[in-house]
1. Taking Cα pairs under 8 Å and at least six residues apart, what relative contact order does the stretch 296-396 come out at, in percent?
2. Using a/c under 1.5 as the rounded threshold, could you call the chain rounded, prolate or oblate? The axes a ≥ b ≥ c are square roots of the C-alpha gyration tensor eigenvalues, and prolate needs a/b larger than b/c, oblate otherwise.
3. In debye, nearest 20: dipole of the chain around its Cα centre with unit charges on the Cβ of K, R (+) and D, E (-)?
4. State whether the stretch 114-205 is rounded, prolate or oblate according to the following rule on the C-alpha gyration tensor (a ≥ b ≥ c being the square roots of its eigenvalues): a/c under 1.5 gives rounded; otherwise a/b larger than b/c gives prolate, and the remaining case gives oblate.
5. With θ taken as phi - 60° and the coefficients 6.51, -1.76 and 1.60, list the Karplus ³J(HN,Hα) couplings across the stretch 306-320 in order, rounded to whole Hz; mark glycine and proline as x.
6. Quick check: net charge around LYS178, other residues with Cβ under 13 Å of its Cβ, Lys/Arg +1 and Asp/Glu -1?
7. With charges set only on the Cβ (+1 for Lys and Arg, -1 for Asp and Glu), what does the dipole of the stretch 13-279 come to about its Cα centre, in debye to the nearest 20?
8. Tell me the net charge near LEU146. Cut-off is 11 Å between Cβ atoms, LEU146 excluded, with +1 for each Lys or Arg and -1 for each Asp or Glu.
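Readers should treat all values here as calculations from the given coordinates under stated rules, not as data from a laboratory. Remember, predicted model here, so these are calculated numbers, not experimental data. Reconstructed Cβ throughout: ideal geometry from the backbone, glycine too, with neighbour counts over all protein chains shown.
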Amino acid sequence: MKEEKVDEKGLSAKKSENFSEWYVQVLTKSGFIDYTDVSGCFVFLPSSYAIWQKITEVVDKEFKREGIEDVYFPLLIPERLLAKEKEHFAGFIPEVAWVTHTGETKAEERLAIRPTSETIMYKSYSKWIRSWRDLPLRFNQWNNVLRWEFKHPTPFIRSREFLWNEGHSVFATWEEAKAERDVVIGIYKMVLKDYLALPGIVGRKSDKEKFAGAVESYSIEHVMPDGWALQGPDFHLDGQNFSKAFDIKFLDKDGRHEYAWQNTYAITTRELGVMVAVHGDDKGLVIPPRIAHMQVVIVPIYRKEGVEEVNKYARNVYETLRNDYRAKFDDREGYSPGFKFNEWELKGVPIRIEIGPRDVENKKAVIVRRDNGEKKEVSVADIPRSVEETLTKMHEELYRKAEAMLKSFMHLVEDYDALKKTLKEKGGIASAPWCGDGDCENKIKEETGAKITNIPIDQGKIDSKCIYCGKKAKERANFARSY
């Protein structure tokens, strides 16, 4: 059989030269996703969907450990419910897709395709919560949402349909609600670090950037390789805004009726895009080992002779690994070893094990790391231990490399000229003193294109002047151009 041409599948764009084109190519040519006929909506192929499933598995386990339970609410939301909380409704109007007809019949009321579920969930919460004994109520749902505002969607980064968790907790006191913030943010940070090998910057959103309807919003922010920021998981202290709009009241221990205190929080499939962008290289995807759909691929190498012996030896290696690792034995005919090497590199499989006639003779194999190409010859008996060590080391080094990249994009500036110069020449996030006034925030964004991504928590005393107006600074804020 004639061998396929590798360059038909390989990347033509360089990550450092044309990040946007590289990003699209690496997603599609690796078989991570495929486009559909609906703009902004794409297919999660097995390798990408498996990563999302792992994220949901880990997060859900931690949620349940904390007493957060899973539910599911309808996809469609009546317009009258969406309009109940005015600030929330106004924030989502540009993004809502509406169902207006059933067949040829016009609907009596427009139904929104879920952009987020606060309004339909809280109608039920108002029925279920009557007493302090009904609290806390901590529900979460894993679902899809649709938001149609932007003109140029990008897979994972700005998708019109995406997958996420929606956490919706209700408490009897403000103190209990606030205490949940560190718990949930801590779970998200753990998943990012321990599974996706991604660092992030935790902070509070400015009033301008907070979630529509929230009292306070918090986020974990990423920086992409092109120097632009991207918001990751978030947490919102909603106070009593929704409970007053939806009449979520309870009888407290003293017999008084009180409005409940609420939180919302989410992690989305956007993290897959950040993972691809941060770890990938000019050969393709680089998938962190603990989250990878496939962790090890075994590729036999043979000429005309010794096919059966090499295949038997390689299959035995596969059998020793398959129960402990997500492994594959690639014995496809008609493809050269070189073609297979390039294909699995493109797909980002963390470890490749090469086995040829000499390895069979010497009872050895060659282990190749995807991220740095490092090769190591090991004895057949030592393969399982070496695979474990290699996967662990690869994850740790991917995280260190990502952390170093993030730090290289973090800048301290003390005046407006330095902010503008930094954003123009270096990109990334510039930490600058800010008075807290929304007018200064708006002017900075108008003049530089940079917004406040978030504001570090617990900064202590600030002895500086606002970079824009010169008044006493209230805090240091992180400014960046953002997706």
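1. Values: 138 pairs, mean separation 28.7, N = 101.
Across the stretch 296-396, relative contact order equals 28 percent.
2. Details: a/c = 2.01, a/b = 1.63, b/c = 1.24.
Prolate is the answer for the chain, as a/c is 1.5 or above and a/b outweighs b/c.
3. Values: 77 positive and 79 negative charges, 69 e Å.
That gives a dipole near 340 debye.
4. Numbers: a/c = 2.56, a/b = 1.34, b/c = 1.92.
Taking the square roots of the gyration eigenvalues as a ≥ b ≥ c, the stretch 114-205 is oblate.
5. Ordered by residue, 3J(HN,Hα) equals x, 4, 5, 5, 5, 4, 5, 4, 5, 5, 5, 4, 4, 5, 6 Hz.
6. -4
7. Values: 35 positive and 39 negative charges, 14 e Å.
Charge dipole, the stretch 13-279, about its Cα centre: 60 debye, nearest 20.
8. Details: positive: ARG114, ARG147, ARG160; negative: GLU95, GLU149, GLU161.
Surrounding charge for LEU146 is 0.
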